[in-house]
1. Determine the relative contact order of segment 3-76: mean sequence separation of Cα pairs under 8 Å and six or more apart, normalised by residue count, in whole percent.
2. Based on DSSP H runs of at least 4 residues, each adding -39500 (n - 2.57), what is the mean residue ellipticity at 222 nm of the chain after dividing by all its residues, to the nearest 500 deg cm²/dmol?
3. Within a Cβ distance under 15 Å of Asn39, other residues only, what is the Lys/Arg minus Asp/Glu net charge?
4. At most 13 other Cβ atoms within 10 Å plus a DSSP loop assignment makes a site exposed; report the longest stretch of the chain without any exposed trypsin sites (Lys or Arg not before Pro).
5. Quick one: net charge of Asn224's neighbours, Cβ under 12 Å, K/R +1, D/E -1?
6. Which angle between 0 and 90 degrees, to the nearest 10, do you get for helix 265-275 versus the longest principal axis of the chain when only C-alpha atoms count?
7. In a GNM of the chain with a 10 Å cut-off on Cα contacts, which of Ala361, Ala267, Ala80 has the highest mean-square fluctuation?
8. Where does each of 376-388, 139-151 land if you order them by average Cβ count within 10 Å, highest first?
Amino acid sequence: MDTGDASYIKQLNRRILIEEIIKNISLSRSDLSRNTGLNKATISVQVNELINENIVIEKTEGESVSRGRKPILLEINGGAGYSVGIDIDEHSILLAFCDLKGELFHKTWVPLETIDFEEVMEQLMNHLTPAITQFNEQYKPIGLIGIGVGVHGIVSNENEIIYTPKQQWSRLHVENVLKETYNKPVYVDNNANLCVFAEQVYYEHIPDLFCITLYSGIGLGIINNHNIYRGYQGFAGEIGHMIVEPKGIPCPCGNKGCWELYASEKALKKQLNEKYPELSPQESIQQILEEGVDSEVLDYYLDYLSIGLNNIINIFNPEKIILNGAFINGHTDFINNLERKLTSKFNNYLQIRASFLGDNACALGGAAVALKNFFGVNMLNHVNYHYFKSDLLEI
C-alpha cells in the first residue's frame with residue numbers, strides 16, 4: 001500500500017468515527033470499536049487527533065457497571081465552534097447559529113426594505129458581523145467554521161445565483177461577498193434543498209426523502225441516497241413551474257398555468273382575502289379546519305395541490321414527503337383532506353406529513369451543510385438529540 005492509499009484509509013476511518021460519534025451523542029472507545037469494526041489501536045490514534053483538534057472531548061459520566069473506573073465517553077465538542085445558516089427571502093433574512101453538535105443557540109430575523117442585491121448584502125453583514133464577533137469569543141477555540149446560505153431561486157452547482165423570481169437577481173455571487181468578509185467556507189443552495197436536508201438531519205435520517213415548500217412559490221428538495229439531488233447544473237426541484245393548466249394564468253417564468261400559481265400558499269392567501277376579507281388568512285384557515293365550514297376556496301386549492309402531488313408521487317415513488325407551509329404546519333386535518341384527493345391506484349408512499357421545522361428549516365439546513373463539510377462526513381445525523389420535539393425554536 002502506498003502513501004496515498006494510507007492517507008485515504010486514514011481519512012475514511014476518521015469520517016466513520018465522526019459520523020458514529022455524532023449519531024450516538026456520546027459513547028466509549030469500546031463502543032466505537034464494536035460499532036465500526038475498527039481495532040482499538042486505530043481508534044486510539046484517531047480519537048487522540050480529534051481531541052487535539054478540539055473536535056471531540058472526553059467526559060466521565062454515570063456509574064460503572066462494576067467496581068473500578070467510570071467509563072470515559074466521547075462526544076462532539078459543541079462549545080468549540082459554530083456554523084451559521086442564512087435564509088434570504090424577499091422581505092426578510094433569517095440567521096440561525098448552531099454549535100458543533102448541531103444545536104440551535106441563537107436566531108434572528110432581519111426585515112428587508114429593499115430587493116437590491118448590494119443593499120441586501122450590506123444589511124445582512126450589518127447584523128452578521130457583530131454576531132460573529134460575539135460568538136467567536138464564546139465558542140472557542142475554533143469559532144466560526146462556515147456559512148450556509150439558502151436562496152429562493154435557481155442556484156448552480158458552482159454556488160452562483162442564476163435567477164430569483166422575487167428579487168429578479170441573476171448571475172450574482174453571495175459566496176464571494178461572504179468569503180471575502182469572513183474568510184470562511186460559504187455554501188449557497190436553493191432553499192428547498194436546504195429544507196429537505198434539515199428535515200433529514202433532525203428528523204428523518206432515511207436515504208430518500210422529499211420536502212415541498214409552499215410559502216410564496218413551490219419548491220421541491222430531494223434527498224437521494226443520502227445526498228441532495230441537484231440535477232445536471234443544479235436546477236432540479238423547480239416543481240412549482242410544472243404546468244397544470246396549459247392555457248392558465250401567465251407566469252413570470254414564461255409559461256402559463258404553472259403549479260405554484262394555483263397551489264402555493266401565496267395563491268391561497270389571495271383567494272382567502274377575496275372570500276373572507278374580514279379575516280386574516282390564518283384565521284380563515286383555522287375556522288375552515290376547526291369548524292368544518294364548507295369552503296370552495298380550500299377545496300379548489302387542495303384540488304390543485306393534489307394534482308401536482310400526484311404527479312410527484314407517480315414519477316418518483318418517494319418513501320416520505322414533507323410539506324412545509326405556514327397553513328399546513330400544525331394542521332393534521334389539512335393533510336388528511338389532501339390525502340383523500342390522492343385517488344390514483346398508482347400512488348404508493350409511506351407517509352405525507354407537515355414539517356416540524358417550519359420556516360426555520362432553510363436556515364437550519366444551511367448551518368447543517370456547513371457542519372457536514374467541516375467534519376468531512378457523508379452523513380450528518382442529529383435525530384437522537386431530539387432538539388425540536390416541541391416549540392423549541394423560539395430562541
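1. Values: 75 pairs, mean separation 23.3, N = 74.
Reported as a whole number, the value is 31 percent.
2. On the way: 12 runs with 156 residues, N = 395.
That comes out to -12500 deg cm²/dmol.
3. Details: positive: Lys10, Arg14, Arg29, Arg34, Lys40; negative: Glu20, Asp31.
Computed value for this residue: +3.
4. Details: sites that count: Arg67, Arg69, Arg171, Lys247, Arg340, Lys345, Lys389.
In short, 70-170.
5. Working: positive: Arg230; negative: Asp208, Glu319.
My count for the surroundings of Asn224 gives -1.
6. 40
7. Ala267
8. Numbers: 376-388: 16.3, 139-151: 21.9.
Per-residue Cβ counts within 10 Å, averaged per peptide and sorted highest first, yield 139-151, 376-388.
Any read-out appearing in this document is the output of simple, stated calculations on the displayed coordinates, not a laboratory observation. The structure presented is a predicted model; accordingly, all values stated were derived computationally and were not measured. Ideal geometry is used to build each Cβ from the backbone, glycine not excepted, and the neighbour counts take in all protein chains shown.
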